[in-house]
Amino acid sequence: MADTDTPPSVLRTLIVDDEPLAVERMQVICAGLDAINVVGTASDGEAALRLIEALKPDLVLLDMTMPKLDGLGVAGALNKYDGDVRPAVIFVTAHDDFAVEAFDLDAVDYVLKPVAADRLGRAIERAAARRGPGGSVASDWLEELWVPHRSELLRIAVSEVGRVDAERDYVRLHVGEGEEARSYLLLQTIAGLEKKLNPAEFIRIHRSTILRKDRIRGLRHDGLGVWSAEIEDGEALRIGRTYLPKVKAMAGR
């Protein structure tokens, strides 16, 4: 039965995991977090959907790999709900290779097992901020990326990405400038990522390169119809012939 005595500021939460010990551990961690109140648990995706319909939780802590209907299937079903009644989803999983799919489904966060209380607490803070007054409004374009980094997934705001380079089935995200510059590999094709980036902010200049528009300092004609884009650190990146008309149009040419 739904807990009707939960204060409005506390997220009514459903735990979904097919491993009893994982559910028990999550309940112990959640008991120490004031921001949530666990109102139920489910051991598979189909049971999760039934309980979500009955309990109408604010948040679902969702395992990724389960028999029959997995976490992605549950999240996909929830995306058909109206925004006002759809619970926020935090994936809790031992696998780091589903992050792209998870955030395509508008997950709030992606927490790796074994779960640390402080890491889950930060994820729940983000869920609360999204649902509270003044919370972020969903965008049609990708706003954040989650990349494997050491033993966790690192959140990178798309606004921090200045350049994307293709590396086979991966992309390399270039973040920051100068001494603060760093890069991360993400399992995602450049064509797939291009479709998710706001074209008002990013432009593909080559089959292997996407640039943030405000990082382009100028365009240079190198002769024989060859053009390059100069970026803020002074590097010149060749513009592919296929992409040249769009790049020129950006510059009003």
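Nothing in this text is a laboratory measurement; each read-out follows from the coordinates by a stated rule. Remember, it's a predicted structure, so these values are computed and weren't measured experimentally. Note that we place each Cβ from the backbone using ideal geometry, even for glycine, and neighbour counts take in every protein chain shown.
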Practice problem: Go through region 193-206 residue by residue and turn each phi into a ³J(HN,Hα) via Karplus (6.51, -1.76, 1.60, θ = phi - 60°); whole Hz please, and just put x for glycine and proline. | Solution: 5, 4, 5, 9, 8, 5, x, 6, 10, 10, 9, 8, 10, 7
Quiz prompt | Counting all C-alpha pairs of region 151-250, share separated by more than 18 Å (%) | solution = 46 percent
Quiz item: Looking at L244, G234, L51, which one has the Cα that reaches farthest to the positive end of the dipole of the chain (charges on Cβ: Lys, Arg +1; Asp, Glu -1)?
Solution: L244
Self-check item: Cα-based Lys pair tally, the chain, threshold under 23 Å, eight or more apart or on separate chains
Solution: 14
Exercise. Please list, in chain and number order, the residues 5+ apart from N79 or on another chain whose amide H is under 5 Å from its amide H, with Hs placed from the backbone.
Key: none
Exercise. Among R131, R12, R25, determine the one that fluctuates most according to a GNM of the chain built with springs between C-alpha atoms less than 10 Å apart.
Key: R25
Quiz item: Which value, in debye to the nearest 20, gives the size of the charge dipole of region 151-250 about its Cα centre, when Lys and Arg are +1 and Asp and Glu are -1 at the Cβ?
Solution: 600 debye
Exercise. Evaluate the Debye formula for region 98-223 with equal point scatterers sitting on the alpha carbons, no solvent, and hand back log10 of I(q)/I(0) at q = 0.13, 0.15, 0.20, 0.21 Å⁻¹, in q order, two decimals.
Key: -0.60, -0.78, -1.26, -1.35
Exercise. Kindly identify region 11-135 as rounded, prolate or oblate by the Cα gyration tensor criterion: order the square roots of the eigenvalues as a ≥ b ≥ c, call it rounded if a/c is under 1.5, otherwise compare a/b with b/c, prolate if a/b is larger, else oblate.
Key: rounded
Quiz item: Considering amide H positions built from the backbone, and no H for Pro or chain starts, which residues 5 or more places from I36, or on another chain, come under 5 Å of its amide H?
Solution: L11
Practice problem: Pick out, in residue order, every one of the chymotrypsin sites (Phe, Trp or Tyr not before Pro) in region 76-131 that is DSSP loop and has at most 11 other C-beta atoms within 10 Å; say none if there are none. | Solution: none
Practice problem: In a Gaussian network model over the chain where Cα atoms closer than 10 Å are linked, find which of A99, A200, A88 has the largest mean-square fluctuation. | Solution: A200
Self-check item: Point-charge dipole on Cβ atoms (K/R +1, D/E -1) for region 11-135, about Cα centre, debye to 20
Solution: 380 debye
Practice problem: For helix 45-55, report the angle its Cα long axis makes with the longest principal axis of the Cα atoms of the chain; keep it between 0 and 90° and round to the nearest 10°. | Solution: 70 degrees
Exercise. Quick one: P(r) of the chain from all Cα-Cα pairs, 10 Å bins, percents rounded to integers, in order of increasing distance.
Key: 7, 28, 29, 18, 12, 6, 1, 0
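Computed FRET efficiency, Cβ-Cβ of L187 and D82, R0 25 Å: what is it to the nearest 0.05?
The computed FRET efficiency comes out at 0.20.
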Practice problem: With 5 Å bins from zero, work out the P(r) of region 48-118 over every alpha carbon pair and list the percent per bin. | Solution: 4, 17, 30, 26, 16, 8, 1
Practice problem: May I ask you to compute the full-extension gain from E152 to R50, defined as 0.36 nm times their residue separation minus their alpha-carbon distance, rounded to one decimal in nm? | Solution: 33.6 nm
Quiz item: Roughly what % of Cα-Cα distances in region 10-61 sit above 19 Å, to the whole percent?
Solution: 20 percent
Quiz prompt | Rounded to whole Hz, the Karplus (6.51, -1.76, 1.60) HN-Hα couplings of region 17-30, x for glycine and proline | solution = 7, 7, 9, x, 5, 5, 4, 4, 5, 5, 5, 5, 5, 5
Quiz prompt | Among 189-197, 120-128, the order from most to least packed when residues are scored by Cβ within 10 Å on average | solution = 120-128, 189-197
